[in-house]
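The structure appears right after this line, and notes come after that.
The values are calculated or read from the model by the stated rules, or taken from the named source; none is laboratory data. All of these numbers come straight from a predicted model, not from anything done at the bench. Every residue, glycine among them, receives a Cβ derived from its backbone with ideal geometry; neighbour counts consider all protein chains shown.
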Amino acid sequence: MNKNIHIGHIADCHLCNRQYGHESRGADFLRGAMSALSALKKSGVSLVLCSGDLLDTVNPGSKVCITQLSNLREFLKANGQLMIVVAGNHDNASPHWCSAMKDTPETGGIYYLDDEVYVYSETGGLPGITITGRSYADADAYREWMETAPAADILMYHLEVADAVGYAGENMITIEELAKTDKWKVVAAGHIHKQFYATCKTPSNRVMTFTYPGSTELCEGGEPSDKTANILTMAYNGSEWVLDDLERVPFETRPVQKFKITTEEELTEACRDVEPGGIVFVVFDRAVTSVHTMLKSAADRKATIEAGNKWCRTIFRMQPMLSTSEREVLEKIQGGRCVSLREYMNEVSSEYFSEEESQRGLTSLCMLLLDSGTDHRAVLDEFVTERLDGKILI
Ligand SMILES: [Mn+2]
């Protein structure tokens, strides 16, 4: 009798139409998710957990729903894989776009787990593995929910834990809090786009394992570009299912390169090393001229030589180096260490912005931030575009 069950775990697929203005990036996100599922299939995994943010937005366009979501579902069926999905903060629509999908292990496809306990069983005679989860909520709502939540072998969870972020923010809970109860043996989490793993003892001295698999395609430049999916091996010890092994399986996504260019020599080296068809992040000193033009033509030249490059066009993300004060402001904002942007900018604008800097456009950055609500990324993109003085980001 087989007493092990291998369960795949992914999160943060962020299926979308485009990224950085490129439609081809929309296709990449679907391909990233499929790439993860294929790697899991190769390892013999037929049950996959997706811990939130399958879709990038609560309001996906028809292209995402009709093409990507239904393609993904068909792909899962063809693979004989069932993917259990919970809602993340990005796709926490009510009802969720997947809520009508209640596929089964026999058909394969997508099963939307709506705050219930799912029982998965593939070995006759043994009890099933129980999986519960809840759609995204803030930290306090999670704490309240935990009091009355059902017990299960695996909890699917979508929120930051302070342990993985490295500091205690307002809307986070800790792994210790999750382990205050004996209800769960594994917390299969999503939301943070990097791989993370930790264990904690529960009150009755059992081990609770917490893990983030990371995203399935690069959402932000700062996240790891080598993507992996988790395989949770659950073993039946005669009376219950326990986690026996946690393995990471790598899978292919669009290649990522990063360059820092402060001299002509570094530009020459980067032109030699740049690979066509990837995403290339470039931080450059504004004193070095034609950085983008030179890199782009180097990549295009190589792309012509390597005809048939499956990732198509090279995508450049150009970011000029910032002055110390500019950097301090942006780091504070990106680090999320401000309660309210408006409050924060009011407080620091005079501290960080000299009159000269205001004239150089930082006042407009400030205004953009004040108007932006909480979507810092969009603001920073605009800022970088503006900084490039009308140069188009390709
Ligand atoms: Mn999220």
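Name the residues in segment 243-273 that are assigned to a loop (DSSP other than H, G, I, E, B), farther than 25 Å from Thr233 by Cα and polar (S, T, N, Q), would you? Step through it out loud before you land on a result.
So in segment 243-273, the residues assigned to a loop (DSSP other than H, G, I, E, B) come out as 251-255, 262-263.
From what's left, farther than 25 Å from Thr233 by Cα: 254-255, 262-263.
Matches in segment 243-273: Thr262, Thr263.
Going by the structure shown, is Leu40 among the aliphatic types (A, V, I, L, M) and touching a Leu at 6+ places or on another chain (Cβ under 6 Å)? Please lay out each step first, then the result.
Details: among the aliphatic types (A, V, I, L, M): yes; touching a Leu at 6+ places or on another chain (Cβ under 6 Å): no.
The answer is no for Leu40.
Might you check whether a residue that is outside any loop (DSSP other than H, G, I, E, B), touching a Cys at 6+ places or on another chain (Cβ under 7 Å) and not charged (D, E, K, R) occurs anywhere in segment 274-289? Full working, then the answer.
Initially, segment 274-289 is screened for residues outside any loop (DSSP other than H, G, I, E, B), giving 279-284.
Those left that are additionally touching a Cys at 6+ places or on another chain (Cβ under 7 Å): none.
Scanning segment 274-289, I find no residue that is outside any loop (DSSP other than H, G, I, E, B), touching a Cys at 6+ places or on another chain (Cβ under 7 Å) and not charged (D, E, K, R), so the answer is no.
Can you tell me which condition Asp91 does not meet? The list is (1) part of a strand (DSSP E or B); (2) within 16 Å of the ligand (Cβ to nearest atom), and all the others hold.
Of the numbered conditions (1) part of a strand (DSSP E or B); (2) within 16 Å of the ligand (Cβ to nearest atom), the odd one out for Asp91 is (1).
Got a sec? Which of Leu126, Leu159, Leu155 is under 23 Å from Ser46 (Cβ atoms), of a type in the set (A, V, I, L, M) and at pLDDT below 95? If you could, list the steps in order and put the result at the bottom.
On the way: Leu159 fails: under 23 Å from Ser46 (Cβ atoms); Leu155 fails: at pLDDT below 95.
Checking each option against the conditions leaves just Leu126.
Six or more apart or on different chains, Cβ atoms under 9 Å: show the pairs whose first residue is in segment 232-253 and under 22 Å from Ala189 (Cβ atoms) and whose second is among the hydroxyl-bearing types (Ser, Thr, Tyr) and part of a loop (DSSP other than H, G, I, E, B).
Between residues of segment 232-253 that are under 22 Å from Ala189 (Cβ atoms) and residues that are among the hydroxyl-bearing types (Ser, Thr, Tyr) and part of a loop (DSSP other than H, G, I, E, B), the close pairs are Glu247/Ser43; Val249/Ser43; Phe251/Thr216; Thr253/Thr216; Thr253/Ser225.
Only strands (runs of 3 or more DSSP E) wholly contained in segment 1-86 count here; list those with 2 or more residues that are within 16 Å of the chain's Cα centre (by Cα) and not basic (Lys, Arg).
Result: 4-10, 47-50.
If you go through segment 114-131 one residue at a time, do you hit one that is in contact (Cβ under 8 Å) with a residue 60 or more places away in the chain, part of a strand (DSSP E or B) and of a type in the set (A, V, I, L, M)?
Within segment 114-131 (the criterion being in contact (Cβ under 8 Å) with a residue 60 or more places away in the chain, part of a strand (DSSP E or B) and of a type in the set (A, V, I, L, M)), the answer is yes, since at least one residue qualifies.
Name, by its number, the condition in (1) under 20 Å from Gly278 (Cβ atoms); (2) away from the ligand (no atom under 16 Å from the Cβ) that does not hold for Thr216.
Here Thr216 meets the rest and fails (2).
From Ala164, Ala137, grab the single residue that is out of contact with any Asp or Glu (no Cβ under 9 Å at 6 or more places or on another chain) and of a type in the set (Gly, Ala, Ser).
Details: Ala137 fails: out of contact with any Asp or Glu (no Cβ under 9 Å at 6 or more places or on another chain).
Result of the check over Ala164, Ala137: Ala164.
Can we say Pro276 is within 21 Å of the chain's Cα centre (by Cα) and either surrounded by fewer than 16 Cβ atoms within 10 Å (Cβ to Cβ) or closer than 30 Å to Ala298 by Cα (or both)?
Taking the combined requirement at face value, the residue does not satisfy it.
Can you spot a residue in segment 301-316 that is outside any strand (DSSP E or B), modelled with pLDDT of 90 or more and either surrounded by 16 or more Cβ atoms within 10 Å (Cβ to Cβ) or not aromatic (Phe, Trp, Tyr) (or both)?
Looking for residues that are outside any strand (DSSP E or B), modelled with pLDDT of 90 or more and either surrounded by 16 or more Cβ atoms within 10 Å (Cβ to Cβ) or not aromatic (Phe, Trp, Tyr) (or both), one finds none in segment 301-316, hence no.
Looking at segment 61-88, which of the residues that are within 15 Å of the ligand (Cβ to nearest atom) and touching a Leu at 6+ places or on another chain (Cβ under 8 Å) is nearest to His9 (Cα to Cα)?
Among residues in segment 61-88 that are within 15 Å of the ligand (Cβ to nearest atom) and touching a Leu at 6+ places or on another chain (Cβ under 8 Å), the one nearest to His9 (Cα to Cα) is Val85.
Taking into account only those residues within segment 33-57 that are buried (at least 24 other Cβ atoms within 10 Å of the Cβ) and either modelled with pLDDT under 95 or within 16 Å of the ligand (Cβ to nearest atom) (or both), which is farthest from Ile10 (Cα to Cα)?
Per the stated criteria, the residue is Leu55.
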